[in-house]
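A.B. asks: There's a structure below that I have some questions on.
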Amino acid sequence: MTSDILLRLVVLLLVALVMCLLLWFGRRLVEKSRQRALSATPFKQESVDTPKDRALRVRVLAFTSEDCRQCHQFQEPVLRRVIEARGDIVSVEYIDAPSSPELTQRYQVLTLPTTVLLDATGKAQAINYGFTNAMRLLKQVDDILEQEALKID
Amino acid sequence: MRSTSGIMDVPRIDANLGKFSQACTVILSGLAFVFNQPLLVLITALALAISALFPAASPYRLLYKYGALPLHLLQPRIIEDDPSPHRFAQGIGAVFLIASSIVLLLTQATIVGWILDLIVFVLSGINLVVGFCAGCFVYYHLGRLGLLPRVRYEGGFHWRGV
């Protein structure tokens, strides 16, 4: 009886261990891609704004494609809500991933939708692979603005 | 799991109630396997079935509301999400566990029965640990095919933190 319980416990632990290992490898892979993307060269934008205006802006690169239903059905409405919530501070640029290989390579786009948040210098400060809700995006925008405000002070 | 109308009618759920339910399912299905208790599989199946069909009467929800919350073990964490895919996922879990119970209680094919139980253990564990809800993923794709209502919001079919 006891040996049967022990055997079953070992089987259960092995199942859990294999599951954890697979998840750990998966997350590690994604995290490596994210780190490479965050250290990519800044994505500059031509602008005539004053340095102070530029410092108070966050650009969101929204990677999408024509046949990405999740992008159109979920991510785009969320991005509209982010713009409504933060106004001119945030701008969204939709990027067609299949026709922009250089950018998808630069930001290690693993899946669609992917959103990349750039600070005033064009440096990526946050990258979300897959759908991202409004609360998370707004927090990332606020974190970037907070950092920029500290730089100005 | 709770759904309320929020700003711009965005559906919302209590994420911690979801985590609590998943943790209970992992513990119960795991214990059932370790102690060779098919009846515990049936109890877990019924708990999941009630949660899917009558969320207000869910045993997990009652335990969370009258146990975990008053004892300050957990705090509600309301997030934007559609509750329907999560209920569907609980229904799928219930179907697997009911099938497991039938096989374990009425046949000699115990290995098949325990494999069905362990599938629920693993999928609930993945949802608990990384937030990937396999049932929600199926619901989303069935919605795309027009077989189920479309997901009104996120659906939880991506990895948390990815």
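A.B. asks: Looking at the stretch A:43-52, is at least one residue modelled with pLDDT of 85 or more and of a type in the set (A, V, I, L, M, F, W, C)?
C.D. replies: Applying the first criterion (modelled with pLDDT of 85 or more) to the stretch A:43-52 yields none.
Looking through the stretch A:43-52, none of the residues is modelled with pLDDT of 85 or more and of a type in the set (A, V, I, L, M, F, W, C).
A.B. asks: Right, next: Just to confirm my filter: which helices (runs of 4 or more DSSP H) fall fully inside the stretch B:1-104 and include at least 3 residues that are more than 21 Å from B:VAL122 (Cα to Cα)? If you could, list the steps in order and put the result at the bottom.
C.D. replies: Details: elements: B:15-34, B:38-53, B:59-63.
It comes to B:59-63.
A.B. asks: Answer with yes or no whether A:ARG59 is modelled with pLDDT under 85 and in contact with a Ser or Thr (Cβ under 9 Å, 6 or more places away or on another chain).
C.D. replies: Details: modelled with pLDDT under 85: no; in contact with a Ser or Thr (Cβ under 9 Å, 6 or more places away or on another chain): yes.
It is false that A:ARG59 is modelled with pLDDT under 85 and in contact with a Ser or Thr (Cβ under 9 Å, 6 or more places away or on another chain).
A.B. asks: Here's something else I'd like to know. Which residue pairs have Cβ atoms closer than 9 Å, lie 6 or more positions apart in sequence or on different chains, and pair a first residue in the stretch A:79-92 that is farther than 14 Å from A:MET135 by Cβ with a second residue that is at pLDDT below 90 and of a type in the set (D, E, K, R)?
C.D. replies: From the stretch A:79-92, the pairs are A:ASP88/A:ARG57; A:ILE89/A:ARG57; A:VAL90/A:ARG57; A:SER91/A:ARG57.
A.B. asks: Taking only the stretch A:109-129 into account, find how many residues are within 11 Å of another protein chain (Cβ to nearest Cβ) and within 12 Å of A:VAL78 (Cβ to Cβ). Break it down into steps so the answer makes sense when it comes.
C.D. replies: The initial filter retains those residues of the stretch A:109-129 that are within 11 Å of another protein chain (Cβ to nearest Cβ), namely A:110-111, A:113-114, A:127-129.
With within 12 Å of A:VAL78 (Cβ to Cβ) added as a condition, the list becomes A:113, A:128.
Number of matching residues: 2.
A.B. asks: Here's another thing I want to ask about it. What are the residues in the stretch A:20-40 that are more than 10 Å from chain B (Cβ to nearest Cβ), surrounded by fewer than 15 Cβ atoms within 10 Å (Cβ to Cβ) and within 14 Å of the chain's Cα centre (by Cα), if any?
C.D. replies: Residues satisfying the conditions are A:LYS32, A:GLN35, A:ARG36, A:SER39.
The values are calculated or read from the model by the stated rules, or taken from the named source; none is laboratory data. All values derive from a computational prediction rather than experimental measurement. FYI the Cβ positions are ideal-geometry reconstructions off the backbone, even for glycines, and counts take in every protein chain you see.
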